[in-house]
Amino acid sequence: MPVAISILPEQQLAALSRTYREAVARKRLRATVAAAVFFAALVIAAIGAEVNLKTFFTYFGNFVSYFDRIFRLESGARVWTDVGEWFWGWKKWLSLLGETILISYVGTLSGAILAFGLNFLAAKNTAPVAWLRFAVMRFMEFCRTVPDIVFALIFVIAFGLGPMAGVLAIAIHCVGALGKQYLEIVENVDMKPVEGVRATGAGWMSCMRFAVVPQVAAGFAGYTLLRFEINVRGASVMGFVGAGGIGQELIVAIRKFYYSDVSAILLLIIVTVFMIDIGTGWVRGRLFGADRRR
Amino acid sequence: MTGLQSHDRDELKARYPHVFDRPLSSRLAVPVVIACAAGLFLFGLVALEFSPARMLAGLSQLGWFILLMIPPDPGSSLPTYLAAMGETLSIALLGTTLAAVFALPVSLLAARNIVPSNIFRFPVRRFLDSVRGVDTLIWALVWINVVGLGPFAGVLAIAVSDFGSFGKLFSEAFETADRNQVEGIRASGGNALHEIRFGLLPQVLPVIAGQVLYFFESNTRSATIIGIVGAGGIGLQLAEQIRVLEWQKVSFLILMILVAVAAIDWISGKLRFAIIGRRAVV
């Protein structure tokens, strides 16, 4: 079937294609300049970070063979040929893993309770006083920007070595991170129930308890579970600075080149993180599923 | 207003039985969960050696430290700190870029609409998950064993751990891309590579660019801490000053980190708006 394609007159076509070419040229120029700036930044960064490709290529074999070595026992046999020898310290490691999860749990829960108390003071729609809102916002920003391991370094000196410092570090970081997520949920609630409760003559506390909390509870729980999962990863390295958990064993194994221990502990951590991941995913599914059914 | 009359209540009960007579299991669920959570919390406090005495002693120590931190003062090492900050930013930029460059081809392999075969996709996904399951600090320790102490180990550590996250995020971006444009390319006679280049990439690149910028932000934070295990940057200085109890320098370094992170947040926020517009800010 022949189709009629209308062809524009020569003059109009020339004008159109000129505008097109100009637009494309402008876009190309912008992309080139952006790319040039980016590459310049990369080169400067490479000099700043002492990137040395020669060392990298000389030692890259080490990186590959490192993974070969961590899967070998002292006798030179592959680790999976003798699982008992590979996981020789499983009793100690499992109890340390339990401690890691417990650090994360206690830290997350105490951080969540604090964040729960603070976020109503900081949300735009529920804040009782303006200066308090400003102060709480700045405090939470501080808690979330300073990495938890820096808090752990300081707390280890103040509270002594051990899991307590790790718990407190995770709790503080959690106040900042969860506080912000909670606050965003609270700022998006429906304000009509709040007006309804206030119309009965209730005070600020009752407004929060009966109008805001029922709307946000499921969202809060979801974010808290997610944070718990993130904190398990975080708690697994708290031991690097002496703040408890499996990290202590891991850093010793890496630093002292106990190769098969490194792979065993890493494997345990990865499996634990997977399991926590799946478990919290299941709980979250139940929570939001129940929410939808209502 | 008076209370409900008793016959009113009976009438209400008859009309809404599901409100008044909830089964025991659903009425007990919330208190039981709360009791379990609280019990585990208390057990945790005991198992992790919490005690009021230690808490008080630690808090009074901490109070002293905070008093000693004021005012923040870099002493004579300001140039060193500025150089370390530059090193940290360099580590974040290079690490993120490297991770993105290497993750892009791998993420194609993990995307369902590009590699339909499950047998091939599954190992790639599990591999990315395992890489992600290991913390950046652990990767830093491994790389220190390979290339020695210094910022280069930090770059590689950030690159590897982000490689896992990027692989997952990019492949999700590819999976949510619109099929129609790819089919359009095929209809006009393009081959598989053309489909990816002209059908998928234009849809996916802005999303990816936004994610990369977002990770650059968060990597600035990670790069401040990998120095703690010896992989360069401002964390090295920070850990050192904490260990020798130079609190004024510590507070100055923390302030520096706060300012730098805020600045990077602001810049990358602007860039993200410029690249993807308001619609898809992560």
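The values are calculated or read from the model by the stated rules, or taken from the named source; none is laboratory data. Everything numeric here is computed off the predicted structure, so don't read it as measured data. No Cβ is skipped: glycine too gets one built from the backbone with ideal geometry, and neighbour counts run over all protein chains shown.
Which of the residues spanning region A:173-185 are more than 12 Å from A:Ala115 (Cα to Cα) and either surrounded by 15 or more Cβ atoms within 10 Å (Cβ to Cβ) or polar (S, T, N, Q) (or both)?
Pass one, region A:173-185, residues more than 12 Å from A:Ala115 (Cα to Cα): A:184-185.
Once the filter is applied, which keeps residues that are more than 12 Å from A:Ala115 (Cα to Cα) and either surrounded by 15 or more Cβ atoms within 10 Å (Cβ to Cβ) or polar (S, T, N, Q) (or both), region A:173-185 yields only A:Ile185.
Looking at the structure I just gave you, is B:Phe273 in contact (Cβ under 8 Å) with a residue 24 or more places away in the chain, in a helix (DSSP H, G or I), of a type outside the set (S, T, N, Q) and within 30 Å of B:Asn113 (Cβ to Cβ)?
So B:Phe273 fails the test.
Tell me which residues, restricted to region B:56-77, are more than 12 Å from every other protein chain (Cβ to nearest Cβ) and surrounded by 13 or more Cβ atoms within 10 Å (Cβ to Cβ). Show your work before the answer.
Within region B:56-77, the first condition is being more than 12 Å from every other protein chain (Cβ to nearest Cβ), and the residues that meet it are B:67, B:70-77.
Across region B:56-77, the qualifying residues are B:Pro72, B:Asp73, B:Pro74, B:Ser77.
Please state which one of B:Arg15, B:Arg27 is of a type in the set (D, E, K, R) and under 41 Å from the mean Cα position of the chain (by Cα). Working first, answer last.
Values: B:Arg15 fails: under 41 Å from the mean Cα position of the chain (by Cα).
Selected residue: B:Arg27, the only one of B:Arg15, B:Arg27 that is of a type in the set (D, E, K, R) and under 41 Å from the mean Cα position of the chain (by Cα).
Considering only region A:53-68, state which residues are under 30 Å from the mean Cα position of the chain (by Cα), farther than 15 Å from A:Phe257 by Cβ and within 9 Å of chain B (Cβ to nearest Cβ).
A:Phe56, A:Phe60
Would you check if B:Phe166 is out of contact with any helix residue (DSSP H, G or I) (no Cβ under 6 Å at 6 or more places or on another chain), crowded, with 19+ Cβ neighbours inside 10 Å and assigned by TED's automatic domain parsing to the domain that holds B:Leu205?
When the stated conditions are applied, B:Phe166 does not pass them.
Would you point out which residue out of B:Arg27, B:Arg22 is assigned to a loop (DSSP other than H, G, I, E, B), more than 30 Å from B:Asn219 (Cβ to Cβ) and not assigned by TED's automatic domain parsing to the domain that holds B:Leu149?
Values: B:Arg27 fails: assigned to a loop (DSSP other than H, G, I, E, B).
That would be B:Arg22, the only listed residue that is assigned to a loop (DSSP other than H, G, I, E, B), more than 30 Å from B:Asn219 (Cβ to Cβ) and not assigned by TED's automatic domain parsing to the domain that holds B:Leu149.
Need the failing condition index for B:Val261 against (1) more than 10 Å from chain A (Cβ to nearest Cβ); (2) modelled with pLDDT of 85 or more; (3) touching a Lys or Arg at 6+ places or on another chain (Cβ under 9 Å), just the number.
Failing condition for B:Val261: (1).
So the check is Cβ under 7 Å with 6+ separation or different chains; which pairs have a first residue in region A:118-143 that's part of a helix (DSSP H, G or I) and crowded, with 16+ Cβ neighbours inside 10 Å and a second one that's hydroxyl-bearing (Ser, Thr, Tyr) and modelled with pLDDT of 85 or more?
A:Asn119/A:Tyr182
Which residue is surrounded by the most Cβ atoms within 10 Å (Cβ to Cβ), if the candidates are limited to region B:82-96 and must be at the interface with another protein chain (Cβ under 7 Å from one of its Cβ atoms) and under 10 Å from B:Ile158 (Cβ atoms)?
B:Ile91
Conditions first: (1) surrounded by fewer than 18 Cβ atoms within 10 Å (Cβ to Cβ); (2) more than 14 Å from every other protein chain (Cβ to nearest Cβ). A:Phe71 passes all but one, so which condition is the exception?
(2)
Just checking: which of the helices (runs of 4 or more DSSP H) contained wholly in region A:194-294 hold 3 or more residues that are in contact (Cβ under 8 Å) with a residue 12 or more places away in the chain and buried (at least 17 other Cβ atoms within 10 Å of the Cβ)?
A:213-238, A:247-255, A:259-293
Search region A:144-169 for residues being part of a loop (DSSP other than H, G, I, E, B) and at the interface with chain B (Cβ under 9 Å from one of its Cβ atoms), and hand back the single one that is farthest from the chain's Cα centre (by Cα). Can you show your working first?
Here is the first cut: in region A:144-169, the residues part of a loop (DSSP other than H, G, I, E, B) are A:146-147, A:160-162.
Among the residues that remain, those that are also at the interface with chain B (Cβ under 9 Å from one of its Cβ atoms) are: A:146-147, A:160, A:162.
On the way: A:Val146: 14, A:Pro147: 11, A:Gly160: 27, A:Gly162: 24 Å.
Once the filter is applied, the top-ranked residue is A:Gly160.
Does A:Thr100 fit the bill of being under 22 Å from A:Ile269 (Cβ atoms) and β-branched (Val, Ile, Thr)?
yes
So in region B:98-126, with the set limited to residues that are within 14 Å of another protein chain (Cβ to nearest Cβ) and without any contact (Cβ under 8 Å) to a residue 12 or more places away in the chain, which one is farthest from B:Glu172 (Cα to Cα)?
Only one residue tops the list, namely B:Val101.
So which residues in region A:227-269 are more than 17 Å from A:Trp88 (Cβ to Cβ), more than 10 Å from chain B (Cβ to nearest Cβ) and among the basic types (Lys, Arg), if there are any at all?
Selection gives A:Arg227 alone.
For region A:139-148, state whether one or more residues are in contact with a His (Cβ under 7 Å, 6 or more places away or on another chain), modelled with pLDDT under 90 and among the charged types (D, E, K, R).
Scanning region A:139-148 turns up at least one residue that is in contact with a His (Cβ under 7 Å, 6 or more places away or on another chain), modelled with pLDDT under 90 and among the charged types (D, E, K, R).
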